[in-house]
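The values are calculated or read from the model by the stated rules, or taken from the named source; none is laboratory data. Keep in mind that what you see is a predicted model, and the values were worked out from it rather than measured. No Cβ is skipped: glycine too gets one built from the backbone with ideal geometry, and neighbour counts run over all protein chains shown. Side chains are part of the model used for accessible areas, which takes the heavy atoms of the whole protein and leaves out ligands, DNA and RNA. Shrake-Rupley method; radii C 1.70, N 1.55, O 1.52, S 1.80 Å.
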Amino acid sequence: MSKFQTLEQVGKEFKESDIGELAASLAVLGLQQAITVFYEEEEKRFILVHGERRLRVALHLGWKEITFDR
């Protein structure tokens, strides 16, 4: 998951309590909705379009893989 870059989103801040709640949910239920990415061929990287919180939580939980849609 190290080849992800997020799109800049104005005003996008995440509360630590929101991250904690989502982490608890993902740890029990798993990922219910895939993140959305597109692949930038020139740079050989994925650009995250939707699901930044889910990606951050997955990384926090130590996940090595995550489901995504293009």
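Could you check, for region 17-31, whether at least one of its residues is at pLDDT below 85 and either surrounded by 12 or more Cβ atoms within 10 Å (Cβ to Cβ) or touching a Cys at 6+ places or on another chain (Cβ under 9 Å) (or both)? Taking every residue of region 17-31 in turn, at least one turns out to be at pLDDT below 85 and either surrounded by 12 or more Cβ atoms within 10 Å (Cβ to Cβ) or touching a Cys at 6+ places or on another chain (Cβ under 9 Å) (or both). Just give me the residues in region 40-56 being more than 23 Å from Ala24 (Cβ to Cβ), touching a strand residue (DSSP E or B) at 6+ places or on another chain (Cβ under 9 Å) and open to solvent by 80 Å² or more (accessible area, probe 1.4 Å), in sequence order. The one that is more than 23 Å from Ala24 (Cβ to Cβ), touching a strand residue (DSSP E or B) at 6+ places or on another chain (Cβ under 9 Å) and open to solvent by 80 Å² or more (accessible area, probe 1.4 Å): Glu43.
Here Thr36 passes the criteria (1) hydroxyl-bearing (Ser, Thr, Tyr); (2) at pLDDT 90 or above; (3) part of a loop (DSSP other than H, G, I, E, B) except the one numbered (3).
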